[in-house]
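Working notes for the structure below.
The values are calculated or read from the model by the stated rules, or taken from the named source; none is laboratory data. Because the structure is predicted, anything quoted here is derived from the model rather than measured. FYI the Cβ positions are ideal-geometry reconstructions off the backbone, even for glycines, and counts take in every protein chain you see.
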Ligand code: SD4
């Protein structure tokens, strides 16, 4: 959904949203300092599984992931196929086909995926291939490597049957041409203007997987890579503990190794909500932090199926599909003015 429209709709009606502290409400009894998230202590039969969460308002993507899980697919299949929905959607200008280009007009994709065994795969600066997340999965499953970049990633994709196509759509080209009139590059994320999808799923067996895919920051420098394909920054999964994905200004996420940090905080006993809040506080409490100029948001899930979400600024949201309900939750946030 167009972010400006989303904000307008929300401000006017709140329709379709669960507002305020509802995400915290998912964790009404955040377990402090329990080790309940460690392996062997969770009784899967008591959890409401399967479960899917994703960054932003991506109900079509979470619905696809849930369909995969309900038909017996595992968490890895679910996050891949869920993310593919956004990659193929040319209306999403931050992911896959239709993603906004760098300042020279190149659409370059970053993506990664991680499974329950801690295996991971990633592609950076991938061009001309819509389904970057699937290429990342191939890197994980069919190569001895974790990351492939640029032309090598593209050649690997082509040799595995992915088709080359022009990812610059008419509307993203037009937006780029309009931008070129002034060519003003501000390394600032407009908090209304990003929809990178990060997705986490727990399947019926209680196993966790995650994926993240993006075209990165619009009008970035050529060659720029963000957090989204970097394991531990844009995404981290530990099947004994939980998982986390990030969105927003990737540079700030990388500097704090954000997703790994959230999972490690959950390992120490924090709830997903508490862990996301602590990871945001590491960013905003840096000396001289200019956090007012950029957005970062995290979503997380633990082995008990508790979820959390937190961002620097208002209007970050999480989509959650559980118990037959596919809902968008407005995230709590740090900067309350
Ligand atoms: C990046 N984290 O490339 C991504 C951008 C993003 O919503 O999340 N946009 O820095």
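Brief remarks follow.
- Per the conditions (1) within 10 Å of the ligand (Cβ to nearest atom); (2) part of a loop (DSSP other than H, G, I, E, B); (3) surrounded by 24 or more Cβ atoms within 10 Å (Cβ to Cβ); (4) at pLDDT 95 or above, the sole criterion not satisfied by residue 270 is (1).
- Within region 117-136, tally of residues that are farther than 19 Å from residue 99 by Cβ and under 17 Å from the mean Cα position of the chain (by Cα): 2
- Selection status of residue 242, within 15 Å of the chain's Cα centre (by Cα), within 18 Å of residue 318 (Cβ to Cβ) and either touching a residue at least 60 places away in the same chain (Cβ under 8 Å) or surrounded by fewer than 17 Cβ atoms within 10 Å (Cβ to Cβ) (or both): yes
- Every test in (1) in contact with a strand residue (DSSP E or B) (Cβ under 7 Å, 6 or more places away or on another chain); (2) within 30 Å of residue 151 (Cα to Cα) is passed by residue 311 save one, and that test is (2).
- The number of residues in region 63-89 that are farther than 22 Å from residue 117 by Cβ, in contact with a strand residue (DSSP E or B) (Cβ under 8 Å, 6 or more places away or on another chain) and surrounded by fewer than 24 Cβ atoms within 10 Å (Cβ to Cβ) comes to 2.
- Residue that is farthest from the chain's Cα centre (by Cα) [pool: residues in region 277-333 that are free of Cβ contacts under 8 Å to residues at least 60 places away in the same chain, assigned to a strand (DSSP E or B) and surrounded by fewer than 24 Cβ atoms within 10 Å (Cβ to Cβ)]: 325
- Members of region 240-257 that are over 21 Å from residue 331 (Cα atoms), in contact with a helix residue (DSSP H, G or I) (Cβ under 9 Å, 6 or more places away or on another chain) and within 12 Å of the ligand (Cβ to nearest atom): 255
- Within region 90-114, tally of residues that are buried (at least 21 other Cβ atoms within 10 Å of the Cβ) and at positive phi: 2
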